[in-house]
Amino acid sequence: MPVSIKKICSFLLFIFFTLQAFAQGNDPLKEIKLIVTGKEADTVKIMALIDGAFPLALSGDSSALVYTAAIYKLLGNNYSTHYIKLRSMTNNTCGICFMYSGKYDSANYYYNQSLELGWQYDDKLIMAKGYNNLGNVAQYTADFAKAVDYNYKALELFEALKDSSGIAGAYGNLANNYTRLRQYPKAIGFCEQAIAFALRRNDKRLLANSYNTLATIYGEQDKDSLELINEIKAYTLYREIKNIKGLSSTTTNLTEIYINRNAFDSAQKYALLGIGYSKQIDDAQNLGTLYNALGISYNKQNKIAEAIKAFDSVQFYARLTGDKLILSKACNSKAEIFYKLGDFKAAYENMSQYTLLNDSVFNNNMQSGIAEMQTKYETAKKEQKIQQQQFELTKKNYWIGAVIGLLLLGGLLGFSFYRSNKLRATKKLQAAIIQQQDIATKAVIQAEENERKRIAGDLHDGIGQTMSAAKMNLSSIESRLDFKNEEDKTAFEKIVNLVDESCKEVRSVSHNMMPNALLKSGLSSAVKEFIDKIDSRVLKVNLYSEGLNERLDSNVETVLYRVIQECVNNVIKHSNANELDISLIKDADGIAATIEDNGKGFAVDEKLKTAGIGLKNISTRIQYLKGTVDFDSSPGKGTLVAIHVPLAS
């Protein structure tokens, strides 16, 4: 009996991916052979193979396809209910592998196979996952309108199934796509919902993706400090769960952020990390982007040889992926460098390539625009015809609707007038309540600071002076006393030393209650003076400040100083940390402050439920400044306190 073409193709496909896996240094066949030849049922074998394939697929490793080839062989022509779900899982695994390795047509093929299974057997969960995955491919290929359409279809099905995990994933995808479409309020709304779900379920991968998306949103709105904070959160989580694709993405973003800040050493550090991650998953397109950023950074530092080498790598990877835009940028950068070096021939060659590539990109965009306009025109014609037919149908009902509308209009106007008056009164009352709350809070804080000043003054000028006088008197009579023995003299010296230590303690307490540096030089100097008193052998404190050259409002400086002082004291008392990083950044958006230690950490939710006076004071003071404070910590992972205070224009 002749062997069917289908079986031959399946066998050749299996052999191809097997050889490819060996070429990459992997050896999945041994594990697969042990599973397939085992005594377990086929369903158990298939699940074991899926468990082996899925993590490889997430990293874009084609070894996953060796596993899926073995799964398809075990599935055969069995289309029972359970096997349909297994077949869908296998299709999705193949799609993920192809998508993360940049083979989007192949990814779409397998995702559509899963979607067809869902439709054929009326399985809403398979359909929802199919739409969700097709949306991911549309996002990767920059077809964001189509991606949003798929995301909404997936969300509708997940909501019908009450699948909270699927709903959260759809929220994250919608946030990302609305960001690309520059619809930022919608993007932030979906992003916050995804973050809330991820925190409840401790889903670190979803949380990292959401922080990464939020960072992108703030970056496109020029909110630099918020962009950096959220990107670092995403990078930390990706590193914790060892998600190479996420690390590749966040290091690229961090590289661009630090280049914009002219922090070239930091930019180069993350660029080189990103190149390493991208090479692990063969992400040639991202490698081109990273090498381009690295070349820009080197060029700005006048490291010409390193810059040329980086742009050479850009050209290699851009030609490999067919990315004309990044290739044209590299050619333009090299042309400028060679021109400055006086190598006009090389400059001319690169500028010629740049011109050709730029014209090509422009022409392709023009053709795409013409095709899009033609499609819109044809669509508009069809819609116009439909509207004309609808107009004819509704024309007969026009007069009836007009009469009813006039009758309703009077009632609506009366109700609207009553409603608007009620809303105005409510808003006025709410504004008055908020104003009174602000006045009361300000009065409490000002009274507290005035009391601190009074007590500090009393300590310094009253008790401090009295103690100093006592010390001087004791010292002056020492020479006139006739001590009977050495023990009496030693006892007297101890008394003098105790009085001296008491003087120092009183002086220290009065300075901590109202530091001179805060009154004279401002927030940054006061914080520096405060941390300089901490023993660096016990706790090493690193302070970074930016944009604080001018004095802030005295209330803002005082509140922020007290909050930072409370946070540092908490670290010293409770965290067992040996290193503390404090960052103070002022930009057009406001002031961002972070206090991060490497201590033992704590469970944030439990701590906030039973919060003591310290955490409540921190939150109350920051709320007074109309700011926000976030606590990010878990046992054994250290603590990050992130504060943002807007400044009045």
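Here, each number is a calculation from the coordinates, and none is a lab measurement. Worth saying up front: this structure is predicted, and the values here are computed from it rather than measured. With ideal geometry, Cβ positions are generated from the backbone for all residues, glycine too; neighbour counts draw on all protein chains shown.
Could you tell me, in Å, what Rg and Dmax come out for the Cα atoms of region 199-239?
Taking only Cα atoms of region 199-239, I get Rg and Dmax of 10.1, 31 Å.
Pulled fully out, how much extra length does the chain show between L356 and D143, if you take 0.36 nm times their separation in residues and subtract their Cα-Cα distance?
The L356-D143 span can extend by a further 74.1 nm.
Round to a whole angstrom and tell me the spacing of the C-alpha centers of region 97-112 and region 556-597.
For region 97-112 versus region 556-597, the Cα centre distance is 46 Å.
List residues of region 287-312, by number, whose backbone nitrogen lies under 13 Å from a label position 7 Å along Cα→C-beta of A346.
Only 304-312 fall inside the zone, counting backbone N under 13 Å.
Is region 85-192 rounded, prolate or oblate when judged by the Cα gyration tensor, a ≥ b ≥ c being the square roots of its eigenvalues, rounded requiring a/c under 1.5 and prolate requiring a/b larger than b/c?
Oblate.
Report ³J(HN,Hα) in whole Hz for each residue of region 283-291, in order, from the Karplus equation J = 6.51 cos²θ - 1.76 cosθ + 1.60 where θ = phi - 60°; Gly and Pro get x.
8, 5, 5, 5, 4, x, 5, 5, 5
Taking the Cα-to-Cβ direction at E579 and at K600 and moving 7 Å from each Cα, how far apart do the two end points lie in nm?
Roughly 2.0 nm, to one decimal.
Give me the extension gain from N78 to L408: residue separation times 0.36 nm, minus the current Cα-Cα distance, reported in nm with one decimal.
112.5 nm
Looking at this model, which pairs from K540/K573; K533/K607; K186/K269; K533/K637; K233/K586 are more than 24 angstrom apart at the alpha-carbon?
Too far apart for the 24 Å limit: K533/K607; K186/K269; K533/K637.
Rank by packing, highest mean first: peptides 270-276, 174-180, 160-166, 202-208, with packing defined as the count of other Cβ atoms within 10 Å averaged across residues.
Answer by packing, highest mean first, reads 174-180, 270-276, 202-208, 160-166.
What FRET efficiency comes out for S416 versus R261 if R0 is 35 angstrom and r is the Cβ-Cβ distance? Round to the nearest 0.05.
Result of the calculation: an efficiency of 0.10.
Can you pull the three principal axis extents for the Cα set of region 520-645, in Å, largest first?
On the principal axes, region 520-645 reaches 39, 34, 23 Å in Cα extent.
Amide H neighbours of N578 under 5 Å, counting only residues 5+ apart in sequence or on other chains, H built in-plane at 1.01 Å?
Amide H neighbours of N578: N598.
In whole angstrom, and with the biggest value first, how far do the Cα coordinates of region 311-356 range along each principal axis?
Principal-axis extents of region 311-356 (Cα, largest first): 31, 19, 12 Å.
Using packing as a proxy for protection, rank 620-626, 245-251, 97-103 so that the peptide with the highest average count of other Cβ atoms within 10 Å comes first.
My ranking of the peptides, most packed first, is 245-251, 97-103, 620-626.
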